[in-house]
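The values are calculated or read from the model by the stated rules, or taken from the named source; none is laboratory data. What you see is a predicted model; the values in this text were computed from it and never measured. Cβ atoms come from the backbone with ideal geometry, glycine included; neighbour counts cover every protein chain shown.
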Amino acid sequence: MTKINPRRLAILSLAILAPLGARAQDAPTATESLQTEAAALAPLVTNGSAKMLLRATSALPLPETRTILRTPDRSAAYTETEAAGLPESTRAALTPRVCDARFYYYTGYGSPLIYARALDIVASLWTLDSTRQPHESNVFAGRRILDFGYGSIGHLRLLASLGAECTGVEVEPLFRALYSFPGDQGEIAGFDGAPSGHVTLLDGHWPGDEAIRTAAGGDLDLFISKNVLKRGYIHPSRDADPRFLVHLGVDDQTFLTAVHDALRPGGLFLIYNISPAQNPDDQPYLPHADGQSPFTHEQFEHAGFDILEFDHVDTDIILNFWSALGYDEGKSPDDLRADLFAWYTLARRNS
């Protein structure tokens, strides 16, 4: 059965995909586009470390175009070097996907700089936390961060350039191959005086796959997930095609306990979701349109979390992000407000 990525379908429904095909010769490069977006978003973030994260786009490398080969059912993907070692019958069935620098940073999910809003929330909280301040002007330095369903390497490289130790977990096979070239992972040079950081990407299911869970490690300062842990994906309120859902592989309480155990005492768990409007009852249910927390307040507390914000409505700020990035497609603020919503839930490990 062909694998369908529900988050990619969600982004398509929000109509925010950047053009990924051939570009005019005078069009900006992917890194130039990110720098332009960073400048547009800078007035919308409040924390100095989040602003520094946006400035770090100036140091992002421009990767060369690479070709990834995929199996017919898209359950596996290989670099050209990896494919050369496969049996001829397997190689013959592979389909090439040419991935340029724009796809490297934007993949199918739009700008990685949308993460700046979620990271601004965290950075502002860390700035107020006097118990662990690894760097006077950069609260990301020295932090251990895990992104559940990272979707793109861009924001992880930016965090690492500010001195963070970043781990991304994904189940999309294309990303394993796409980001397996020299320089993609490992040590990332520090930006503007920040210490060097590190990027590690893991391909598989967390926490059900013990090897993935072990590789991801613990003592995390932040466990973050954007547009993956949605109530509609995990607990749809109406019938939904299971291909469009996110299957955690464990029950809710087991998942929350695993997050709790992976965090250091005082570590943060942030779920940040952006969603379109839900369809009327007489039309197919859209799992990605229900972006509220899939876990209840009681489940968080039972796992050992203190709730700092639960299903906090963040729509007004995301509407400003959408306009700054040009994703509003000329819609008036009122029209866009009826089509776009954002929520976040923020919890802290209490012991």
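Name the residue, out of Asp241, Asp219, that is touching a Lys or Arg at 6+ places or on another chain (Cβ under 6 Å), surrounded by fewer than 17 Cβ atoms within 10 Å (Cβ to Cβ) and either under 22 Å from Leu53 (Cβ atoms) or not aliphatic (A, V, I, L, M) (or both).
Asp219
Taking the options Leu268, Leu336, Leu245, name whichever one is at pLDDT 95 or above and within 28 Å of Ala123 (Cβ to Cβ).
After ruling out the rest, the residue left standing is Leu268.
Just need a number here: residues in the range 149-168 that are more than 16 Å from Ala123 (Cβ to Cβ) and either touching a residue at least 60 places away in the same chain (Cβ under 8 Å) or part of a loop (DSSP other than H, G, I, E, B) (or both).
Looking only at that region, the number is 7.
Taking the range 97-123 only, how many residues are among the charged types (D, E, K, R) and closer than 20 Å to Leu222 by Cβ?
Step one: list which residues in the range 97-123 are among the charged types (D, E, K, R), which gives 97, 100, 102, 117, 120.
Among the residues that remain, those that are also closer than 20 Å to Leu222 by Cβ are: 117, 120.
Count: 2.
Failed condition for Ala116, given (1) small (Gly, Ala, Ser); (2) assigned to a loop (DSSP other than H, G, I, E, B); (3) crowded, with 20+ Cβ neighbours inside 10 Å, with all others met?
(2)
Residues that are of a type outside the set (Ser, Thr, Tyr) and without any contact (Cβ under 8 Å) to a residue 24 or more places away in the chain: does the range 231-239 have at least one?
no
Please state which of the following conditions Ile16 fails to meet, knowing it meets all the rest: (1) within 27 Å of Ala324 (Cβ to Cβ); (2) among the β-branched types (Val, Ile, Thr); (3) at pLDDT 95 or above.
Just one mismatch for Ile16, condition (3).
Would you be able to tell me the number of residues in the range 247-259 that are more than 23 Å from Leu159 (Cβ to Cβ) and buried (at least 19 other Cβ atoms within 10 Å of the Cβ)?
3
List the helices (runs of 4 or more DSSP H) that sit entirely inside the range 169-274 and contain at least 1 residues that are more than 28 Å from Pro61 (Cα to Cα) and of a type in the set (Ser, Thr, Tyr).
Of the helices (runs of 4 or more DSSP H) lying wholly inside the range 169-274, those with at least 1 residues that are more than 28 Å from Pro61 (Cα to Cα) and of a type in the set (Ser, Thr, Tyr) span 210-216, 231-234, 252-262.
Which members of the range 54-95 meet the condition of being among the acidic types (Asp, Glu), surrounded by fewer than 13 Cβ atoms within 10 Å (Cβ to Cβ) and part of a helix (DSSP H, G or I)? Talk me through it step by step, then tell me what you get.
Quick first cut of the range 54-95, residues among the acidic types (Asp, Glu) only: 64, 73, 80, 82, 88.
Within this subset, residues satisfying the condition of being surrounded by fewer than 13 Cβ atoms within 10 Å (Cβ to Cβ) are 64, 73, 88.
Correct list: Glu88 only.
What about Pro182, is it of a type outside the set (D, E, K, R), buried (at least 17 other Cβ atoms within 10 Å of the Cβ) and farther than 19 Å from Phe140 by Cβ?
Details: of a type outside the set (D, E, K, R): yes; buried (at least 17 other Cβ atoms within 10 Å of the Cβ): no; farther than 19 Å from Phe140 by Cβ: yes.
Against the criterion (of a type outside the set (D, E, K, R), buried (at least 17 other Cβ atoms within 10 Å of the Cβ) and farther than 19 Å from Phe140 by Cβ), Pro182 does not qualify.
So, in the range 92-107, how many residues would count as being in contact (Cβ under 8 Å) with a residue 40 or more places away in the chain, under 19 Å from Thr71 (Cα atoms) and either charged (D, E, K, R) or in contact with a Pro (Cβ under 8 Å, 6 or more places away or on another chain) (or both)?
Total meeting the criteria: 1.
Yes or no: Phe341 assigned to a helix (DSSP H, G or I) and either touching a Cys at 6+ places or on another chain (Cβ under 6 Å) or not acidic (Asp, Glu) (or both)?
no
Name the residues in the range 301-333 that are within 12 Å of Ile271 (Cβ to Cβ) and crowded, with 22+ Cβ neighbours inside 10 Å, would you?
Phe305
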